[in-house]
């Protein structure tokens, strides 16, 4: 287990994460990239616990995602299965499990204040925290994509399923973008990653 984790995690996080996985009797499965999620937790029909994490994540996002999923398991065991998946109980468990990792031996100094701020009230996905998402992406390999907030107004872009949009104005926190085929307006998070087609 440790040899596998060493490929995906910061070196100082390998031992404690390995212990956490062992202690919670969870099966960790590393899978190909899924566009809609970084990881997930499920209880299998035989009663065993499984978490899956995308293999393409950088080591800091991989760590946060792994702890996020283990926090689901811990929260359900501690508070019962009727709790909301990302409710207060899960947030409490996620914060407590993550706290020992929020230090300069694990994360680069540039990330620490952003991570500390995120864990005051963790979101259901690190992607919905635009500051954290952008900070984490700086450690990714270049994928040729842009954030919606970076694009000039009126730019044409496409998303993972091939649909094309024209960037419109920002409304409160998200951008109104026109889907070119249907003429419908969709809201995009500022840190949504897209392929720029035309400015």
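Only the coordinates and a few stated rules stand behind these numbers; no lab work does. Just so it is clear, the model here is predicted, and its values are computed rather than measured. Ideal geometry is used to build each Cβ from the backbone, glycine not excepted, and the neighbour counts take in all protein chains shown.
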Per-residue Cβ neighbour rank within 10 angstrom, fewest leading, 179, 69: 179, 69
Between region 91-154 and region 1-19, the alpha-carbon center distance in angstrom: 20 Å
Stretch gain in nm, segment residue 123-residue 27, where the contour uses 0.36 nm per residue and the Cα spacing is subtracted: 32.1 nm
Folded to 0 to 90 degrees: helix 14-23 orientation relative to the chain principal axis, Cα: 70 degrees
Most mobile of 132, 57, 44 in a GNM of the chain (Cα contacts under 10 Å): 44
Ellipsoid equivalent to region 2-137 - semi-axes via the Cα gyration tensor, in Å: 21, 18, 15
Exposure proxy order (Cβ contacts within 10 Å, fewest to most) of 1, 20: 1, 20
Extension gain, residue 173 back to residue 145 (0.36 nm per residue minus Cα-Cα distance, nm): 8.0 nm
Likely footprinting exposure, 12, 164, fewest C-beta neighbours within 10 Å first: 12, 164
Estimated 222 nm signal from helices in the chain, with DSSP H stretches of n ≥ 4 weighted -39500 (n - 2.57), rounded to 500: -9500 deg cm²/dmol
